[in-house]
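J.: My structure is below; once you've seen it, I'll send some questions.
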Amino acid sequence: MRRARQDVDKVEAEPRDLLHAFVRLGERAHARVTRLDVSAVAGSPGVAAVMTARELPFENDIGPVLPGDKVFADGLVEYWGQSLFAVAADTLEHAREAAFRATVEYEDLPAILTIEEALAHGSFVLPTQVLRRGAPAAAIARAPHRLSGRLAVGGQEHFYLEGQVAMAVPREGGTMLVHSSTQAPSEVQHLVAKVLGLPASAVTVEVRRMGGAFGGKETQATPVACVAALLAWRTGRPVKLRLDRDDDMIFTGKRHDFAAEWEVGFDADGCIRGLDLVLASRCGFSPDLSGAINDRAMLHADNCYYLEDVSITSHRCKTNTVSNTAFRGFGGPQGMMAIEWVVDAIARELRQDPLQVRRRNFYGRGRRDLTPYEMKVEDFVIPELVDELERSSQYQERRRDIARFNAASPWQKRGIALTPVKFGISFTALQMNQAGALVHVYTDGSIHLNHGGTEMGQGLFIKVAQVVADELGVGVERVQITATTTDQVPNTSPTAASSGSDLNGKAAQAAARTIRKRLAACAAARLGGKPEEVTFAGGKASVGRRSIDFAELAALAHGERVSLSATGYYRTPRLHFDRKRHRGRPFYYFACGAAVSEVQIDTLTGEYKVRRVDLLHDCGSSLNPAIDLGQVEGGFVQGMGWLTSEELWWDDAGRLGTHAPSTYKIPACGDVPEDFRVTLLHAPNRQPSIHRSKAVGEPPLMLGISVFHALADAVAAVGDHRLSPRLDAPATPERVLLAVEELRARLAEPVLREVAE
Ligand code: MTE
Ligand code: HPA
Ligand code: MOS
């Protein structure tokens with residue numbers, strides 16, 4: 001049989017009468033729009049339509065969970081970059097030119113820009129949450145040692161290589177087809193239907209693939225799709241909207257930046273006795289997904305450590321900045337950064353190796369296996385995984401070498417850190433943990449596969465195709481992977497929370513299994529034997545020595561009037577979570593990993609190099625080791641970028657200064673560690689997940705935390721590890737230099753005092 005292809009040979013052409021849209025962005029952080037005059041826009045060359053909030057046919061609000069996000073600002077601008085209106089013209093140049101002919105006048109209102117300002121004003125998008133177990137204050141007071149501190153962790157721009165884009169095509173009977181670069185086709189379908197006042201069944205959303213998403217297209221694709229659909233509805237012509245890079249960076253949400261404050265009580269071994277952690281995040285002007293993101297931060301503030309008496313407070317700050325959103329890890333990385341920093345601080349205070357202190361706090365058996373939200377940690381592979389990585393990375397020898405190097409090197413300092421990751425797999429919102437799939441077998445034995453997941457470069461499509469091929473005992477080349485579309489599989493969850501292959505793999509397997517059972521009955525009738533005895537492998541169905549070719553069997557089944565099409569459905573078992581009480585089992589299982597990073601800093605300039613990185617990551621029984629390796633490498637580098645070079649900067653007026661690659665530095669090939677050793681741990685998932693694999697999309701990002709801690713270790717070497725460095729993320733060369741100088745100043749303090757006395 002001829003090879004079916006996943007790749008398109010030919011990119012589908014744009015429709016002939018296509019219009020191009022441009023969105024004009026507001027240029028105030030918080031202001032009343034006193035005048036918005038678009039008459040000159042409408043009269044500009046090539047313009048087919050202009051739309052402001054006033055021209056909307058139905059709804060303006062497109063908040064994904066709670067109201068707050070609007071297609072167009074309606075008299076009030078709440079962040080610098082909010083959409084004011086959109087214009088459709090025959091070319092993008094005409095649309096852009098026209099948009100800048102509008103007259104916009106504002107009356108400024110006071111703006112709250114930072115977490116600190118929001119806390120001071122009590123400005124929140126959602127109520128503060130507290131997760132408490134035991135009596136943390138008393139435990140801290142009783143503990144032999146106490147420490148407190150703070151840590152700021154910056155946000156992150158997704159920098160998907162393909163920006164946000166949508167093309168809406170009006171269809172007969174007032175229906176609409178929307179091609180969208182979204183991780184959440186069903187959500188775009190519902191919100192496009194809502195703004196157009198149509199039933200969901202009149203809107204079809206199709207996603208062939210995205211050129212990267214990283215969470216930035218879970219909700220942020222919606223406004224782009226809605227604008228294209230509204231202009232298409234207005235003009236009756238297809239409309240495409242593709243944001244240019246600068247506008248994309250200004251207009252769409254990013255990873256939340258966090259401020260953490262903590263007080264910890266511990267014993268002489270560094271064992272945590274009580275922890276009081278306060279997290280505050282910058283959510284921006286609307287709730288978007290901030291509730292679930294901050295919940296996940298709270299649920300990952302334990303990482304791998306048993307916290308018996310603990311209080312985790314989470315403030316969800318409302319600011320006049322872009323509404324922050326999902327980004328690989330979904331709040332988990334920020335929660336994990338906080339606890340890792342606390343553990344490091346304890347180790348420095350006790351002048352012990354941070355790895356020892358980490359180990360002493362790991363989850364264990366008996367009572368020590370309950371998370372603060374009282375889920376039992378059942379598959380905790382971390383102790384063995386960390387032992388293995390410590391050995392394979394020669395952590396101890398290298399720590400000694402580094403100490404020798406630092407003793408002999410006054411200006412260049414090296415640091416090393418091993419940090420673990422335990423990441424919960426499942427959506428914390430119960431209803432999102434379900435998926436559907438549709439499989440057809442044609443009479444020539446070829447297979448059509450459709451499921452609710454979207455492809456963004458993470459390899460989901462090939463993984464799910466492998467599952468179907470495996471179930472039917474044929475080569476994967478027989479499976480035609482098709483675009484995700486809401487008219488084939490309805491009511492789907494976004495492809496997010498790393499659960500794309502877990503959910504859609506199981507749903508597709510269920511569909512394929514239904515067809516296989518029907519085919520087995522036909523094969524048994526033809527070959528003799530019982531249906532249960534029929535095996536499917538090597539492109540054949542067999543009973544003992546007798547077999548029939550898969551294509552022949554498909555034709556035979558059709559001839560006997562047996563349906564060769566089936567849907568499949570899956571919902572994750574065992575989940576329950578009380579969001580108000582913060583108790584339950586929000587995760588089906590945990591994915592784990594650990595990383596060792598070694599760095600060298602130049603204490604005169606703050607510049608640094610990542611000398612070597614060793615990763616060991618648990619993928620369960622990997623569905624596709626090549627893809628998983630790519631996810632682990634890519635996730636690590638993206639996490640490293642978040643904590644080192646990627647810095648978002650707003651000016652005092654609330655305008656994003658870093659809105660292009662010229663000022664926002666993502667890791668490039670040259671930033672990949674010189675010596676990069678990545679190993680996958682292939683231990684079957686204890687839960688019966690799809691082929692006992694483990695989700696791999698997000699967890700490796702948090703392996704990048706080791707680079708931050710290695711940098712802190714190198715800074716601490718300046719003071720011979722007598723003082724804890726003060727370092728915030730991202731640890732840019734500038735921040736590393738400031739941390740070195742601040743530490744040197746503290747080292748000099750007692751000496752100065754002695755001199756003065
Ligand atoms: N890998 C690539 N190449 N591109 C992406 O956009 N997104 C990440 C991760 N890996 C992403 C990626 C995020 S945020 C998630 S949630 C998962 O992939 C989603 O896909 P999965 O559930 O199929 O792993
Ligand atoms: N992870 C990722 N995306 C989500 C989640 C989650 O837990 N909940 C809602 N969207
Ligand atoms: Mo990923 S942040 O869950 O899209």
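The values are calculated or read from the model by the stated rules, or taken from the named source; none is laboratory data. Note that the structure is predicted; figures quoted are calculated from it, not measured. Please note: Cβ atoms are built from the backbone with ideal geometry, for glycine as well, and neighbour counts cover all protein chains shown. Areas reflect the complete protein model, heavy atoms only, side chains present, ligands, DNA and RNA absent. Shrake-Rupley method; radii C 1.70, N 1.55, O 1.52, S 1.80 Å.
J.: Looking at the stretch 290-316, which of the residues that are among the β-branched types (Val, Ile, Thr) and either open to solvent by less than 10 Å² (accessible area, probe 1.4 Å) or closer than 19 Å to PHE380 by Cβ (or both) is nearest to ligand 3 (Cβ to nearest atom)? Even if it seems obvious, please write down each step before you answer.
T.: If we filter the stretch 290-316 for residues that are among the β-branched types (Val, Ile, Thr), which is where we start, we get 293, 310, 312-313.
Still in the list and also either open to solvent by less than 10 Å² (accessible area, probe 1.4 Å) or closer than 19 Å to PHE380 by Cβ (or both): 293, 310, 312.
Working: ILE293: 9, VAL310: 25, ILE312: 21 Å.
In this case the residue turns out to be ILE293.
J.: Quick check: is even one residue across the stretch 148-169 crowded, with 18+ Cβ neighbours inside 10 Å and on the phi > 0 side of the Ramachandran plot?
T.: Taking every residue of the stretch 148-169 in turn, at least one turns out to be crowded, with 18+ Cβ neighbours inside 10 Å and on the phi > 0 side of the Ramachandran plot.
J.: Within 15 Å of ligand 1 (Cβ to nearest atom) and at negative phi: which single residue out of THR535, THR495 fits that description? Spell out the reasoning first.
T.: On the way: THR535 fails: within 15 Å of ligand 1 (Cβ to nearest atom).
Exactly one of THR535, THR495 is within 15 Å of ligand 1 (Cβ to nearest atom) and at negative phi, namely THR495.
J.: It is to be established whether one or more residues within the stretch 457-479 are in a loop (DSSP other than H, G, I, E, B), within 18 Å of the chain's Cα centre (by Cα) and within 16 Å of ligand 2 (Cβ to nearest atom).
T.: Initially, the stretch 457-479 is screened for residues in a loop (DSSP other than H, G, I, E, B), giving 457-459, 473-475.
Add one more test, that the residue is within 18 Å of the chain's Cα centre (by Cα), and what stays is 457-459.
Pick out the ones that are also within 16 Å of ligand 2 (Cβ to nearest atom) and you get 458.
Yes, some residue in the stretch 457-479 is in a loop (DSSP other than H, G, I, E, B), within 18 Å of the chain's Cα centre (by Cα) and within 16 Å of ligand 2 (Cβ to nearest atom).
J.: May I ask you to list the residues in the stretch 169-189 that are more than 16 Å from ligand 3 (Cβ to nearest atom), under 29 Å from the mean Cα position of the chain (by Cα) and farther than 19 Å from LEU66 by Cα?
T.: Quick first cut of the stretch 169-189, residues more than 16 Å from ligand 3 (Cβ to nearest atom) only: 169-179, 189.
Cutting the leftovers down to under 29 Å from the mean Cα position of the chain (by Cα) gives us 177-179, 189.
Scanning the stretch 169-189 gives LEU177, VAL178, HIS179.
J.: Continuing with the same structure: Within the set of pairs 6+ apart or on separate chains, which have a first residue in the stretch 370-381 that is open to solvent by 20 Å² or more (accessible area, probe 1.4 Å), a second that is at pLDDT below 95, and C-beta atoms under 7 Å apart?
T.: That search, which allows pairs on different chains as well, returns VAL381/ALA683.
J.: Could I ask something else about it? Within the stretch 190-238, which residues are open to solvent by less than 10 Å² (accessible area, probe 1.4 Å), away from ligand 2 (no atom under 16 Å from the Cβ) and within 15 Å of VAL23 (Cβ to Cβ)?
T.: If the condition is that a residue be open to solvent by less than 10 Å² (accessible area, probe 1.4 Å), away from ligand 2 (no atom under 16 Å from the Cβ) and within 15 Å of VAL23 (Cβ to Cβ), then VAL195, VAL224, ALA225, CYS226, VAL227, ALA228, ALA229, LEU230, LEU231, ALA232 are the ones that fit.
J.: Another one. In the stretch 197-211, which residues are among the small types (Gly, Ala, Ser) and in contact with a strand residue (DSSP E or B) (Cβ under 7 Å, 6 or more places away or on another chain)?
T.: From the stretch 197-211, those among the small types (Gly, Ala, Ser) are 197, 200-202, 211; that's our starting set.
Across the stretch 197-211, the qualifying residue is only ALA202.
J.: Residues that are closer than 25 Å to ASN685 by Cα, at pLDDT 95 or above and open to solvent by 20 Å² or more (accessible area, probe 1.4 Å): which strands (runs of 3 or more DSSP E) entirely in the stretch 547-589 hold 3 or more of them?
T.: Numbers: elements: 565-571, 576-578, 583-585.
By residue number, 565-571.
J.: For the stretch 239-257, which positions are open to solvent by 30 Å² or more (accessible area, probe 1.4 Å) and part of a strand (DSSP E or B)?
T.: Selection gives LYS240, ARG242.
J.: Surrounded by fewer than 24 Cβ atoms within 10 Å (Cβ to Cβ) and either of a type in the set (Phe, Trp, Tyr) or part of a strand (DSSP E or B) (or both): does that describe VAL264? Steps first, answer last, please.
T.: Numbers: surrounded by fewer than 24 Cβ atoms within 10 Å (Cβ to Cβ): no; either of a type in the set (Phe, Trp, Tyr) or part of a strand (DSSP E or B) (or both): yes.
Against the criterion (surrounded by fewer than 24 Cβ atoms within 10 Å (Cβ to Cβ) and either of a type in the set (Phe, Trp, Tyr) or part of a strand (DSSP E or B) (or both)), VAL264 does not qualify.
J.: Still on this model: Considering the stretch 317-351 alone, what residues qualify as being open to solvent by 10 Å² or more (accessible area, probe 1.4 Å) and either part of a strand (DSSP E or B) or closer than 23 Å to LYS376 by Cα (or both)?
T.: Those that are open to solvent by 10 Å² or more (accessible area, probe 1.4 Å) and either part of a strand (DSSP E or B) or closer than 23 Å to LYS376 by Cα (or both): LYS318, PHE330.
J.: Suppose we keep only residues that are outside any loop (DSSP other than H, G, I, E, B) and open to solvent by 60 Å² or more (accessible area, probe 1.4 Å) within the stretch 502-530. Which one would you say is nearest to ligand 3 (Cβ to nearest atom)? First the steps, then the outcome.
T.: Applying the first criterion (outside any loop (DSSP other than H, G, I, E, B)) to the stretch 502-530 yields 502-527.
Subsequent filtering for residues that are open to solvent by 60 Å² or more (accessible area, probe 1.4 Å) retains 513, 516-518, 525-526.
Numbers: ARG513: 28, ARG516: 32, LYS517: 34, ARG518: 36, ALA525: 46, ARG526: 46 Å.
The qualifying residue nearest to ligand 3 (Cβ to nearest atom) is ARG513.
J.: Of all residues in the stretch 480-501, how many are within 16 Å of ligand 2 (Cβ to nearest atom), of a type outside the set (Val, Ile, Thr) and open to solvent by less than 30 Å² (accessible area, probe 1.4 Å)?
T.: 8
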